[in-house]
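Okay, structure first, notes after.
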Amino acid sequence: MTHYYFALTNVEAESLLKEEVSLRYPDLRISYSRPGFLTFKGENLISFKPLFARVAGLSIGKFKEKELLYSKAWVWRRNDKLDIPPHLQEVSDNSVFKIGEKVTLIMMVGNDEFWAGTYDLESSHFQTPGEESSIIQREVPSRAYYKIAEAFEAFDLPFDHQERVLELGSAPGGASLFLLEQDMQVLGVDPADMDKSVLKNINFKHIRRPFETLTENDFREDVDWIISDINLPPTVVLKEVYRLLSFLNPRGLVLTLKMNELKHLEVVATVREKIRAMGFKKVELKYLPGHKKEIALIALRS
């Protein structure tokens, strides 16, 4: 019997998603796709949770609007040019799903082209149709603001007031601004200029040089978190993080790993075990709504 699966992702990550599926789910083959929406088929029933999908699950099939008679479902549209029919929007707005419950997701892919699927709602999922970001857009120094905000919401990161954060590659200050808004003390390391909104905050200190030059002598106190959103290969970033962990003992890591080449998928395949071996009990990888060709790594010691 043939089984069908769906995956929603950002267009920039489609090639990564396809490559990941070919490696992790070799029995699956692509069935149908539109930008940001892909379906796969295979003969075996599996748990389908590719890393580079915002959300994925079991596909029920393709429908016309008049065939959609669900009383409880979330409804997602592929782009802003598509108008969700009012009666379906009302169903979506009035549907509440609890963690552990199976979500029915109606996906509007084109004009009068709908697909339906199901997936299990996990604690790290955004509680929104299609795993869309719920972070309000505003003027911020960089896109890094939204990525750390989304990680904070998805994983309920246990940031505490006045904890010390070491941010690698902090310029121009998007992530720093969000952390300062959480009443954290931020040590930003970057040779480039920081945004004025960050520099004026008394809880921010700028080390204006490359993060590769950091040594134990730069730290009078330990740090509680190491955070990074550097546009460098994940091998380079992780090498430096591992080096810093030889003399720092943070309770958490939040790293955005850039996946600009398919070979970087091999790094993702082994990074969980390496981080756990360094004393972090919880290590998670997640493709966030604000991501392009990148993925978040969250690590907590307890």
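For this structure, a couple of remarks:
- Loop-resident chymotrypsin sites (Phe, Trp or Tyr not before Pro) (DSSP state other than H, G, I, E or B) in the stretch 167-272 with no more than 13 further Cβ atoms inside 10 Å of their Cβ: F247.
- Positive-end extreme of charge dipole, the chain - chosen from L253, T9, V267 (charges on Cβ): V267
- Per-residue [θ]222 nm for the chain (sum of -39500 (n - 2.57) over DSSP H runs n ≥ 4, rounded to 500): -6500 deg cm²/dmol
- Helix 14-24 vs. the chain, principal-axis angle (Cα, 0 to 90°, nearest 10): 80
- Relative contact order, whole percent, for the stretch 132-211 stands at 27, derived from Cα pairs under 8 Å and 6 or more residues apart.
- Inter-part distance where the stretch 114-161 and the stretch 233-302 are each reduced to a Cα centre, Å: 18
- Solution diffusion estimate, µm²/s, Stokes-Einstein, the stretch 8-112, Kirkwood Rh from C-alpha pairs, 10 °C, viscosity 1.306 mPa s: 106
- The value of relative contact order for the stretch 175-241, using C-alpha pairs under 8 Å at least six residues apart, is 25 percent.
- Tilt relative to the chain, helix 265-276 - C-alpha long axis, 0 to 90 degrees, to 10: 60
- Set of lysines near K263 by C-alpha distance (under 30 Å), chain-local residues within fewer than 8 positions excluded: K18, K41, K49, K147, K239, K274, K281, K282, K286, K292, K293
- Computed over the chain, relative contact order equals 14 percent, with contacts defined as Cα pairs under 8 Å that lie 6+ residues apart.
- Here the dipole of the chain is about 540 debye; that uses its Cα centre as origin and unit charges on the Cβ of Lys and Arg (positive) and Asp and Glu (negative).
- One equal scatterer on each Cα of the chain, no solvent, Debye formula: the resulting log10 I(q)/I(0) at q = 0.08, 0.11, 0.16 Å⁻¹ is -0.39, -0.71, -1.27.
- Degrees between helix 144-155 axis and first principal axis of the chain (Cα, 0 to 90, nearest 10): 70
- Lys, Arg +1 and Asp, Glu -1 on Cβ, resulting dipole of the stretch 188-302 about Cα centre, debye, nearest 20: 280
- Which of S170, S31 has the fewest Cβ neighbours within 10 Å, and the rest in rising order: S31, S170
- Taking the number of Cβ atoms within 10 Å of each Cβ as an exposure proxy, the fewest-first ranking of S197, S47, S176 is S47, S197, S176.
Only the coordinates and a few stated rules stand behind these numbers; no lab work does. Note that the structure is a prediction, hence the values are computed from the model and not measured. Here the Cβ is made from the backbone with ideal geometry for all residues, glycine too, and neighbour counts use every protein chain on show.
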